[in-house]
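Q: Can you keep this structure in mind? I'll have questions shortly.
The values are calculated or read from the model by the stated rules, or taken from the named source; none is laboratory data. Given the structure is predicted, the values throughout are model-derived calculations rather than measurements. FYI the Cβ positions are ideal-geometry reconstructions off the backbone, even for glycines, and counts take in every protein chain you see. Accessible surface areas use protein heavy atoms only, side chains included; no ligands, DNA or RNA. Shrake-Rupley method; radii C 1.70, N 1.55, O 1.52, S 1.80 Å.
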Amino acid sequence: MENYGRSKNGAEAQTVLNCIDLSSPDIQQSVSLLKQACLDCGFFYVVNHGISQEFMEEVFSQSKRFFKMPLNEKMKVLRNEKHRGYTPVLDELLDPDTQVRGDYKEGYYIGVEVPEGDPESEKPFYGPNVWPAPDCLPGWRETMERFQREALEVAKAVARIIALALDLDADFFDKPEMLGQAIATLRLLHYEGQISDPSKGMYGAGAHSDYGLITLLATDEVAGLQICKDRDAKPQLWEDVAPMKGAFIVNLGDMLERWSNCIFKSTLHRVLGTGRERYSIAFFVEPSHDCLVECLPTCKSDKNPPK
């Protein structure tokens, strides 16, 4: 694993994340490793998650097939008002305070499929997806829909360990109004290979925290992801997160930080381009619209009243 040092991308160190093995019979160890990670930085690896390496490679290969198409073809499935479809390079600006231009990445959003005309499709994050023409990318839609289903099962397994780490019942997040009808958004990402320069406000993806419950991130072997454990530090200290083959990098979103009364952390992260092309796949998970998010009973006390 190359460490790109401060000279290239502004990171001062490489962080070491805890690794949760979803096939481990020792649930207490998993809970303890996950709890430590959630208190420290809200980022950890998940391995042996049940999605085969062959299938992960197929998903990446299909993602590359789409991004390698000519721009005029990709623009035919441009993102609609429901945030479905293609997002061009520089389309997003995640950190307006420091970014001079948008993110040097292109993406593709796939959400919960609800047909047009269904009353549910009026709700945010629900609606029909936008798909490339099947004759142009055969099997593409089927691959992405299967990945969505399998990744949601991984997210539910992680949520069970999170529930135990918060002293809740293991199936706390499995309820129908939570992950039983999750809002799950798949995002394919492609960084073209620019070199980021924070001093000039140029980033692959600007600094941000995710707003939902948890995010599962699959990456290729190219580095670029960085985290900042203390957003208020001056200057901020950024640490590289190494890619790990076959693993998901999981991070907590702002919703879980709030739900846990700020006991668990939702951490700032960004992507800096190192001059190499990079692909990643993010899977954002939150509960359904009917879920009430309020301070968890196990996260409040006289010393730590609900915020």
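Q: Hey, what did the chain get for relative contact order, percent, Cα under 8 Å, at least 6 apart? Don't skip to the answer; put the middle values down first.
A: Details: 635 pairs, mean separation 72.4, N = 307.
Result for the chain is 24 percent.
Q: Using a Cα-Cα cut-off of under 16 Å, which aspartates and glutamates could be cross-linked to residue 307, ignoring same-chain neighbours fewer than 8 residues away?
A: Leaving aside aspartates and glutamates fewer than 8 places away in the same chain, those within reach of residue 307 are 254, 257, 294.
Q: Follow-up. For a quick check: with amide H placed at 1.01 Å from N, whose amide H comes under 5 Å from residue 14's, ignoring anything fewer than 5 positions away on the same chain?
A: 240
Q: Tell me, what are the semi-axes, in whole angstrom and largest first, of the equivalent ellipsoid of the stretch 223-296 as set by the roots of 5 times the Cα gyration tensor eigenvalues? Don't skip to the end; give the middle numbers.
A: Working: eigenvalues 141, 66, 18 Å².
The answer is 27, 18, 9 Å, longest axis first.
Q: Would you mind counting up the charge near residue 17? Only other residues with Cβ under 12 Å from its Cβ, with Lys and Arg at +1 and Asp and Glu at -1.
A: Details: positive: 229; negative: 40, 239, 240.
Local net charge: -2.
Q: Still on this structure: Compute the length gained on full extension between residue 135 and residue 237: take 0.36 nm times their separation in residues and subtract their Cα-Cα distance, giving the result in nm to one decimal.
A: On the way: separation 102, 0.36 × 102 = 36.72 nm, distance 4.77 nm.
Taking 0.36 nm per residue and subtracting the Cα distance, the gain is 32.0 nm.
Q: Among the lysines, which fall within straight-line cross-link reach of residue 200, defined as a Cα-Cα distance under 26 Å, with same-chain neighbours fewer than 8 residues apart omitted?
A: The qualifying lysines are 8, 105, 229, 234.
Q: Please compute the alpha carbon radius of gyration of the stretch 54-140, then divide it by the globular-protein estimate 2.2 N^0.38 Å. Two decimals is fine. It would help to have the intermediate numbers written out before the result.
A: Numbers: Rg = 14.8 Å, N = 87, 2.2 N^0.38 = 12.0 Å.
Working it through for the stretch 54-140, the quotient is 1.23.
Q: Count neighbours as other Cβ atoms within 10 Å of each site's Cβ, and list the trypsin sites (Lys or Arg not before Pro) in the stretch 52-133 that are DSSP loop with at most 10 such neighbours. Mind dumping the intermediate values first?
A: Numbers: sites: 64, 65, 68, 74, 76, 79, 82, 84, 101, 105; in loops: 68, 79, 82, 84, 101, 105.
Answer in residue order: 68.
Q: Debye calculation, C-alpha points only, no solvent: report log10 I(q)/I(0) for the stretch 155-218 at q = 0.23, 0.25, 0.26, 0.28 Å⁻¹, in the same order as the q values.
A: Taken in order of the listed q values, log10 I(q)/I(0) reads -1.02, -1.14, -1.19, -1.29.
Q: Which GluC sites (Glu not before Pro) does the stretch 122-227 hold that lie in a coil by DSSP with at most 14 other beta carbons within 10 Å? Please report the intermediate quantities before stating the final value.
A: Working: sites: 122, 142, 145, 150, 153, 177, 192, 221; in loops: 177, 192, 221.
Those that pass, being in a loop and sparsely packed, are 177, 192, 221.
Q: List, in order, the whole-Hz ³J(HN,Hα) value for each residue of the stretch 301-306 obtained from phi through the Karplus relation with A = 6.51, B = -1.76, C = 1.60 and θ = phi - 60°; use x for Gly and Pro.
A: For the stretch 301-306, the Karplus curve yields 7, 4, 6, 10, x, x Hz.
Q: State which helices in the chain qualify, where a helix is a whole DSSP H run, it must extend 30 Å or more along its own axis by its Cα atoms, and its mean Kyte-Doolittle hydropathy must be at least -0.5. Write down the numbers at each step before the final one.
A: Values: long enough: 140-165 (37 Å, -0.02).
TM-like helix candidates: 140-165.
Q: Still on this model: How high is the relative contact order of the stretch 48-169, in percent, with contacts defined as C-alpha pairs under 8 Å that are six or more residues apart?
A: Numbers: 119 pairs, mean separation 25.3, N = 122.
Once normalised by length, the contact order is 21 percent.
Q: Please pull out the direction-averaged projected area of the chain, using the convex hull of its alpha-carbon atoms, in nm² to one decimal place. Walk me through the intermediate numbers first.
A: Numbers: hull surface 65.6 nm².
Here the figure is 16.4 nm², rounded to one decimal.
Q: Through the Karplus equation 6.51 cos²θ - 1.76 cosθ + 1.60, θ set to phi - 60°, convert the phi angles of the stretch 89-105 into ³J(HN,Hα) values in whole Hz; use x for Gly and Pro.
A: 4, 6, 5, 10, 10, 8, 9, x, 5, 10, 7, 7, 10, x, 5, 7, 8
Q: Now, a different point. At 1.4 Å probe size, with every protein chain present, just tell me what the per residue accessible area of the chain comes to in Å². List each step's numbers first, then the result.
A: Numbers: 14250 Å² over 307 residues.
That works out to 46 Å² per residue.
Q: Determine ³J(HN,Hα), in whole Hz, for all residues of the stretch 218-227 in sequence, where each value follows from phi through the Karplus function 6.51 cos²θ - 1.76 cosθ + 1.60 and θ = phi - 60°; x replaces Gly and Pro.
A: After applying 6.51 cos²θ - 1.76 cosθ + 1.60, I find 9, 10, 7, 8, 8, 5, x, 6, 9, 10 Hz.
Q: Could I ask something else about it? With all protein chains present, how much of the accessible area of the chain (probe radius 1.4 Å) comes from carbon and sulfur, to the nearest whole percent? Could the numbers behind the result be given before it?
A: Values: 7420 of 14250 Å².
Its accessible area is 52 percent carbon and sulfur atoms.
Q: Could you give the length gained by full extension between residue 295 and residue 197, i.e. 0.36 nm per residue of separation minus their alpha carbon distance, to one decimal place? Mind dumping the intermediate values first?
A: Numbers: separation 98, 0.36 × 98 = 35.28 nm, distance 3.95 nm.
Going from the current span to full extension adds 31.3 nm.
Q: Shifting gears a bit: Compute the projected area of the convex hull of the Cα atoms of the stretch 124-268, averaged over all viewing directions, and report it in nm² to one decimal place.
A: On the way: hull surface 45.0 nm².
Dividing the Cα hull surface by four gives the mean projection, 11.3 nm².
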